[in-house]
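The values are calculated or read from the model by the stated rules, or taken from the named source; none is laboratory data. The structure displayed is predicted, hence computed values, not measured ones. Note that each Cβ is placed from the backbone with ideal geometry, even for glycine, and that neighbours are counted across all protein chains shown. With ligands, DNA and RNA removed, areas are computed over all heavy atoms of the protein, side chains included. Shrake-Rupley method; radii C 1.70, N 1.55, O 1.52, S 1.80 Å.
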Amino acid sequence: HSVSSKAVVSTQSTGRLELKLVQIDKNDPESTFNKTFKDCYKVYQKYQVAIHKDSPEECKENSFKRFLCSPPFELSQDQGGYLHQYWVDGKLVAVGVIDLLPWCVSSVYFFYDPEYSALTFGTLSALFEIHLTQQMHKNSPDLKWYYMGYYIHSCPKMRYKSQFRPSFLLCPRKHTWWPVEQCQPLLDQNKFVVFDEETPGEAVPTEEQLGSLKVLLTSERRPCLYSVYKVIEESDPYEEFLPDFVRLAGLENAQKICVYV
């Protein structure tokens, strides 16, 4: 599945930019994904080596497939994993990896040819992905959010994310959303901040609730219920950790995770 649009941008010389939205479809040999896979991989490898200082051996084709080309979705016409490809005069120069979900466009990763770094792709890609979200909202009213992924306030490379308004950050403890302009002064003072001081927090978990959590059974290297772990193992490194973990993540989220300390 591929959708394209065109616009003119200025690089070192004027070129024509074409955007292609390509569904990740590894099963069909004739899919646009498979036909352009080698181009994407070459750009990815150049980006990782130049920007993140990875060695070429760390950027093998199989690792690229596992990292960015194996979305946990069944193929669907309107949802799933996609590559947002940027072509300048017929040359692939950048790729945004995104998930199209029922309620949002989620930005997963972005990589580009370092020769085109003057285009400030962080901001440019966000603008195009916001436009994509607006366009998809016209046909899917529930899809109305653009998720930019993690925001690390102390990381200069991520500061551009806070320039888009209205924008919201998730409270790490209460899981409620707060305007970024309210959060920034707090993050200037502390690296970890609970934005929501109003919503009641998780109650202290009961022994039964703690027992329902999954932990790693150290002696057999397999997951088991914490209630079983306490009977089998002599030492218990989870005793102090698990109550705080439940209060931080919430009981519902904690029960979905296998914890290892």
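Within segment 227-258, which residues are over 23 Å from the mean Cα position of the chain (by Cα) and farther than 19 Å from residue 203 by Cα?
Residues satisfying the conditions are 227, 228, 229, 230, 231, 232, 233, 234, 235, 236, 237.
Taking into account only those residues within segment 247-261 that are open to solvent by less than 80 Å² (accessible area, probe 1.4 Å) and in contact with a Leu (Cβ under 7 Å, 6 or more places away or on another chain), which is nearest to residue 171 (Cα to Cα)?
Among those residues, the one meeting the criterion is 254.
Tally time: how many residues in segment 40-49 are open to solvent by 40 Å² or more (accessible area, probe 1.4 Å) and out of contact with any Leu (no Cβ under 9 Å at 6 or more places or on another chain)?
Within segment 40-49, residues that are open to solvent by 40 Å² or more (accessible area, probe 1.4 Å) and out of contact with any Leu (no Cβ under 9 Å at 6 or more places or on another chain) number 3.
Answer yes or no: is there a residue in segment 225-234 that is surrounded by 14 or more Cβ atoms within 10 Å (Cβ to Cβ), basic (Lys, Arg) and in a helix (DSSP H, G or I).
For segment 225-234, residues surrounded by 14 or more Cβ atoms within 10 Å (Cβ to Cβ), basic (Lys, Arg) and in a helix (DSSP H, G or I): present.
Report yes if residue 218 is surrounded by 13 or more Cβ atoms within 10 Å (Cβ to Cβ), at pLDDT below 90, hydroxyl-bearing (Ser, Thr, Tyr) and over 25 Å from residue 154 (Cβ atoms), otherwise no.
yes
Within segment 87-95, identify whether any single residue is within 26 Å of residue 51 (Cβ to Cβ), part of a strand (DSSP E or B) and either within 20 Å of the chain's Cα centre (by Cα) or of a type in the set (Asp, Glu) (or both), and answer yes or no.
yes
Being over 20 Å from residue 131 (Cβ atoms), out of contact with any His (no Cβ under 8 Å at 6 or more places or on another chain) and open to solvent by 80 Å² or more (accessible area, probe 1.4 Å) is the requirement here; does residue 54 meet it?
The answer is no for residue 54.
Report yes if some residue within segment 171-190 is of a type in the set (A, V, I, L, M) and in a strand (DSSP E or B); otherwise report no.
No, every residue in segment 171-190 fails to be of a type in the set (A, V, I, L, M) and in a strand (DSSP E or B).
Quick one: in segment 112-142, of everything that is closer than 20 Å to residue 44 by Cβ and within 18 Å of the chain's Cα centre (by Cα), which residue is surrounded by the fewest Cβ atoms within 10 Å (Cβ to Cβ)?
Ranking the candidates gives 122 first.
If you go through segment 72-85, how many residues are open to solvent by 40 Å² or more (accessible area, probe 1.4 Å) and in contact (Cβ under 8 Å) with a residue 12 or more places away in the chain?
5
Taking the options 104, 69, name whichever one is of a type outside the set (Ser, Thr, Tyr), open to solvent by less than 40 Å² (accessible area, probe 1.4 Å), under 17 Å from the mean Cα position of the chain (by Cα) and within 23 Å of residue 139 (Cα to Cα).
Being of a type outside the set (Ser, Thr, Tyr), open to solvent by less than 40 Å² (accessible area, probe 1.4 Å), under 17 Å from the mean Cα position of the chain (by Cα) and within 23 Å of residue 139 (Cα to Cα) holds for just one of 104, 69, which is 104.
Please verify whether residue 169 is farther than 26 Å from residue 72 by Cβ and aliphatic (A, V, I, L, M), treating the condition exactly as stated.
Taking the combined requirement at face value, the residue does not satisfy it.
So residue 194 passes all but one of these: (1) open to solvent by 40 Å² or more (accessible area, probe 1.4 Å); (2) out of contact with any helix residue (DSSP H, G or I) (no Cβ under 8 Å at 6 or more places or on another chain); (3) within 30 Å of residue 236 (Cα to Cα); (4) assigned to a loop (DSSP other than H, G, I, E, B). Which condition number does it fail?
(1)
Please work out which one of (1) open to solvent by less than 40 Å² (accessible area, probe 1.4 Å); (2) in contact (Cβ under 8 Å) with a residue 24 or more places away in the chain; (3) not polar (S, T, N, Q) is the condition residue 145 fails and give its number.
Failing condition for residue 145: (1).
For segment 149-184, which residues satisfy the criterion of being under 24 Å from residue 246 (Cβ atoms), in contact with a helix residue (DSSP H, G or I) (Cβ under 7 Å, 6 or more places away or on another chain) and open to solvent by 80 Å² or more (accessible area, probe 1.4 Å)?
Scanning segment 149-184 gives a single hit, 173.
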